[in-house]
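The values are calculated or read from the model by the stated rules, or taken from the named source; none is laboratory data. Computed from a predicted model, the values in this text were never measured in an experiment. Positions of Cβ are generated from backbone atoms using ideal geometry, with glycine treated the same way; all protein chains shown enter the neighbour counts. Note: accessible area is taken over every heavy atom of the protein model, side chains too, but ligands, DNA and RNA are not part of it. Shrake-Rupley method; radii C 1.70, N 1.55, O 1.52, S 1.80 Å.
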Amino acid sequence: MDACFAPTETQWARLDRFADLLVAENARQNLIAASTVPTLWVRHIADSAQLLALDEREGGGLWIDLGSGPGLPGLVVAILSERPMMMVESRKRRCDFLRAAAADLDLRHVEVVEAPLERVETRSAATISARAFAPLDRLIDLSARFSTESTRWLLPKGRNAVKELALLPQAWQSLFHVEQSRTDAESQILVGEGKIGAKQRGKR
Ligand SMILES: C[S@@+](CC[C@H](N)C(=O)[O-])C[C@H]1O[C@@H](n2cnc3c(N)ncnc32)[C@H](O)[C@@H]1O
């Protein structure tokens, strides 16, 4: 991570605690691949934290994290930022973990919405993140209604970012650019700005 990653003492303690909770829970339910536990800090925590540097706007606003799983990136971002964080996750056991971890970490600006995204009431998102949630076209189709003219989209997409972007309708593609991941030389993050509206959908 670069020099702007400078957590306070409290944030470091919370990140440490989150890492412990995540590893402990991973023995009970499959949250992260066991092979990634030894590299948890880079592979999952720093990988999530780097998204904050891609949205440093003053004031913030609601951040919606789609398919949060164990809180990646949602809980990591909520530890490092005061921004209101809504994590949408359809699986009950994962939501139980998210709620327990948020309470343990005393993160009061976090909301866990236990439902498929398709059934979540529309709200305006200042930021939409989604890590390993769904193929890009489906992801956008499901979440477009949460976007506004000023929504920032932060979509870590691994090695297939450019390929997935190229498959989108032109009107969607033009909202995005590609950022290199700071934690994985082979991964990229799609960063977008703006509203994806009904008119743009499906138009090539
Ligand atoms: C591959 S996991 C990724 C979890 C986390 N974002 C990460 O990077 O580790 C995808 C998550 O999305 C959730 N999910 C899948 N489809 C969903 C939907 N339609 N609505 C809400 N959550 C969904 C799954 O339950 C799962 O926890």
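Quick notes on this structure:
- Summed over the range 60-75, residues that are open to solvent by less than 10 Å² (accessible area, probe 1.4 Å) and either more than 8 Å from the ligand (Cβ to nearest atom) or within 15 Å of VAL113 (Cβ to Cβ) (or both) total 9.
- Listed by position, the helices (runs of 4 or more DSSP H) inside the range 116-204 whose residues that are polar (S, T, N, Q) and farther than 24 Å from LEU75 by Cβ number at least 2 are 170-173.
- The set of residues in the range 22-51 that are open to solvent by less than 60 Å² (accessible area, probe 1.4 Å) and not in a helix (DSSP H, G or I) comprises GLN29, LEU31, ILE32, ALA33.
- Odd one out for ALA19 among (1) assigned to a helix (DSSP H, G or I); (2) touching a residue at least 60 places away in the same chain (Cβ under 8 Å): (2)
- Of all residues in the range 76-96 being open to solvent by less than 10 Å² (accessible area, probe 1.4 Å) and assigned to a helix (DSSP H, G or I), the one that is farthest from ALA13 (Cα to Cα): CYS95
- Verdict on ASP16 being within 14 Å of the ligand (Cβ to nearest atom) and open to solvent by 30 Å² or more (accessible area, probe 1.4 Å): no
- Of residues in the range 102-115 being within 22 Å of GLY61 (Cβ to Cβ) and outside any loop (DSSP other than H, G, I, E, B), the one nearest to the ligand (Cβ to nearest atom): VAL113
- Looking only at the range 126-147, and only at residues there that are open to solvent by 10 Å² or more (accessible area, probe 1.4 Å) and more than 10 Å from the ligand (Cβ to nearest atom), the one that is nearest to MET85 (Cα to Cα): ALA126
- Pairs, first more than 10 Å from ALA49 (Cα to Cα) in the range 73-96, second open to solvent by less than 20 Å² (accessible area, probe 1.4 Å) and part of a helix (DSSP H, G or I), C-beta under 6 Å, six or more apart: MET85/GLY74; MET85/ALA78; MET87/GLY74; MET87/LEU98; VAL88/LEU117; GLU89/CYS95
- Criterion (within 19 Å of ARG145 (Cα to Cα), open to solvent by 40 Å² or more (accessible area, probe 1.4 Å) and more than 10 Å from the ligand (Cβ to nearest atom)) met by exactly one of ARG123, ARG99: ARG123
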